[in-house]
Amino acid sequence: MVLEIYQIIFLIFIGALVGISMSFIGQTGQGVVVPLILIISGDLFLAIAISVLNDLIAAIAVGFNYTRKKQFYFRRDILILMLIASIAAFFGVFILLTTPLGSVFGWGIPIFIICLGLAILRKGFPTSDSVQRTVNNIIKRFTKNKTNNESQNNFKELDPVENEQIQGFIKPYSRLFYLLAIILGFFVGINSGMFGASSGLIITLVLIILYGYPIKKSVGTALLLSIFMCFFTFSIYQILGFTIKNQFYYNWEFTLYLGIGSFLTGFIVSNYVQRLSAKAMGRGMGATMIILGTISLIFFFLM
């Protein structure tokens, strides 16, 4: 396949948007990359595999700057999340390759992205504190004649933001903690395996809500975890693709031109984002999500 010059320019432009999006909150470019590659190639599996590979390139570029600034931290209990995510990603790829699902993309995904972006612009990006206040308000509303002592056994106050003290309001190793880790890990894996996403944004939200990470450390850690998810998912696509469909899902032209845009903008913008406040990062992410969602919606009507 030989690409036209306008296709090359557009691929670099879309790649640049992915790099910018990844720099703020680790948001994947799956909503625009998959429809674009699908329009050009007509191959859904190739489009998903290329999206995962491009997210890997962007995550490496952006993750380098977050790592250099030490904006990451690994807790041992994150292994639970990643183990469930890996298993779910494998089955997501397997189901997609072996069942006649047709197109897994529609108007619902871009609409959701746009609405989420608008909500973030209006209310700011969620933090562990804001989620804790919301949960406590719900508890107070639905426990009229009881004290909250029993209900709060599964919740703890957020500790100061130091590496050794990062802890969410959900009690570690409680039943609720394990249940949420399994559910969210499954969602991360299915999102990567079936939709070609790095799941960076979802992992960021999980780290903030479930594990109590501050926003910058959650983004940096999520980027490193999404590198693993992208590499794992792309490898599964090649292994199962060759085993089931007798072909590999890879195209060097798509990878090169998308990667140029994603790597350069991701590396440059993520270095600048490090200087922003959490509030400014949330606004930047909200605006980027609205742009990506709008482009994705346009692609949907073109397909």
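Throughout, read-outs are computed from the coordinates displayed, never taken from laboratory work. The model shown is predicted, which means the values in this text are computed figures rather than measured ones. Here the Cβ positions follow ideal geometry from the backbone for every residue, glycine too, while neighbour counts run over all protein chains shown.
Annotations
- For I12, the shell of other residues with beta-carbons less than 15 Å away shows a net charge of -2, using +1 for Lys and Arg and -1 for Asp and Glu.
- E4-I111 pseudo-label distance in nm [points 7 Å out on the Cα-to-Cβ vector]: 3.1
- Each residue in V18, V273, V32 was given a count of other beta-carbon atoms within 10 angstrom of its own, and listing them fewest first yields V273, V32, V18.
- Label point distance in nm, I182-A280, each placed 7 Å from Cα along Cα→Cβ: 4.3
- For V219, V188, order by how many other beta-carbon atoms lie within 10 Å, fewest first: V188, V219
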